[in-house]
């Protein structure tokens with residue numbers, strides 16, 4: 001990176017920068033933990049000589065912080081599958097439930113955007129389709145950061161919400177569904193696609209606030225892989241050429257993951273015959289009425305602080321899933 005011509009090829013330079021971030025994300029937390037452990041040992045020696053109340057409080061606080069950070073370091077050791085360290089494409093799709101489902105999909109989008117922020121991920125919106133009455137029908141993002149795919153792959157599947165519907169005049173309880181799909185960004189994917197025969201391309205005007213250049217031209221691109229009816233779309237760039245290139249990358253990653261599902265039992269549960277998230281594969285239930293609870297159906301992990309979860313506090317659910325995966329691979 002210190003070479004004078006490092007930034008002459010921006011794409012190559014960005015890949016190098018991301019590789020450095022991945023390595024630092026693995027190495028630096030361990031080094032920091034070891035240094036703080038030495039400091040904690042020094043505090044312990046001081047307490048042996050003088051059991052000062054203030055010093056004892058400082059020592060106890062540091063032990064709690066060390067325990068929390070140790071969990072984070074341990075999480076890295078659980079992210080060892082191929083592509084776990086990669087960036088990813090992340091999508092949300094409203095399912096059964098009409099306006100409630102579309103509202104739920106928007107609530108999920110906010111939840112994940114807060115999670116991305118907590119984990120210092122860079123997020124680029126690729127497409128967005130508003131709901132007819134409320135919320136969103138779908139949204140797609142490109143998420144960049146160390147272990148983005150490994151962490152977010154734990155969220156892939158159908159999310160169910162139960163609550164008193166704000167769209168029901170009788171105030172009845174409504175069950176709504178929305179799905180999450182995640183594909184790793186994989187460079188040099190070895191997958192054969194007949195772009196002329198098997199892929200249909202549609203162009204359209206991007207949705208969003210009026211008056212922008214992106215809304216005045218048919219710059220958005222939708223690609224459909226006809227054999228499996230797999231659809232991807234991109235509308236974030238002003239250039240149709242750039243949107244097409246990104247959509248092609250998304251489609252290749254999607255088809256690569258479907259191929260992986262044939263060899264991976266966990267992925268196979270998520271994907272149906274047509275390569276879409278199977279609606280029978282429910283991973284989590286968010287109950288707002290008659291009681292408040294979020295329960296992961298795969299691990300059994302559950303919490304009662306629904307507000308914290310909807311504000312992006314998903315780490316405990318992800319950790320539980322990572323540990324389950326680790327047990328299954330032993």
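We did not get these values from a lab; they are worked out from the coordinates using the rules stated. This is a predicted model, so every value here is computed, not measured. In this analysis, Cβ positions are derived from the backbone assuming ideal geometry, glycine residues included, and neighbour counts consider all displayed protein chains.
Numbers for the structure displayed
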| quantity | calculated |
| --- | --- |
| Fewest-first ranking of 12, 219, using other Cβ atoms within 10 Å as the exposure measure | 12, 219 |
| Translational D in µm²/s for the chain (Stokes-Einstein at 4 °C, 1.567 mPa s, Kirkwood Rh from C-alpha pairs) | 59 µm²/s |
| Cα centroid of the range 96-150 to Cα centroid of the range 168-197, whole Å | 11 Å |
| Cβ-based exposure ranking for 159, 83, 241, in which fewest neighbours within 10 Å come first | 241, 83, 159 |
| Extension gain (nm, one decimal) between residue 63 and residue 24, 0.36 nm per residue minus Cα-Cα | 11.7 nm |
| Nearest-0.05 FRET efficiency for residue 311 and residue 196, computed from C-beta distance (R0 45 Å) | 0.45 |
| Burial ordering of 228, 126, fewest other beta-carbon atoms within 10 Å first | 228, 126 |
| Potential extension, residue 118-residue 293 segment - 0.36 nm per residue separation minus Cα distance | 60.8 nm |
| For the range 6-78: span of alpha carbons on each principal axis (Å, largest first) | 59, 25, 15 |
| Relative contact order (%) - the chain, alpha-carbon pairs under 8 angstrom, separation at least six | 16 percent |
| Angle between the chain longest axis and helix 98-118 axis [Cα atoms, degrees, rounded to 10] | 40 degrees |
| Span per principal axis, largest first, for the Cα atoms of the range 211-330 (Å) | 48, 40, 24 |
| With Cα atoms, 0 to 90° folded angle of helix 315-329 axis to the chain main axis | 90 degrees |
| FRET efficiency, 1/(1 + (r/R0)^6) with R0 41 Å, evaluated for residue 205 and residue 36 via beta carbons | 0.15 |
| Along each principal axis, Cα extent of the range 226-279, largest first, Å | 39, 18, 18 |
| Angle in degrees between helix 240-261 and the longest Cα principal axis of the chain, rounded to the nearest 10 | 70 degrees |
| Mean-position separation - Cα centroids, the range 10-79 and the range 306-326, in angstrom | 21 Å |
| Segment residue 52-residue 77, extension gain: residue separation times 0.36 nm, minus the distance between their alpha carbons | 5.3 nm |
| Computed FRET value (nearest 0.05) for residue 5 with residue 187, which takes r as the C-beta separation and R₀ as 22 Å | 0.55 |
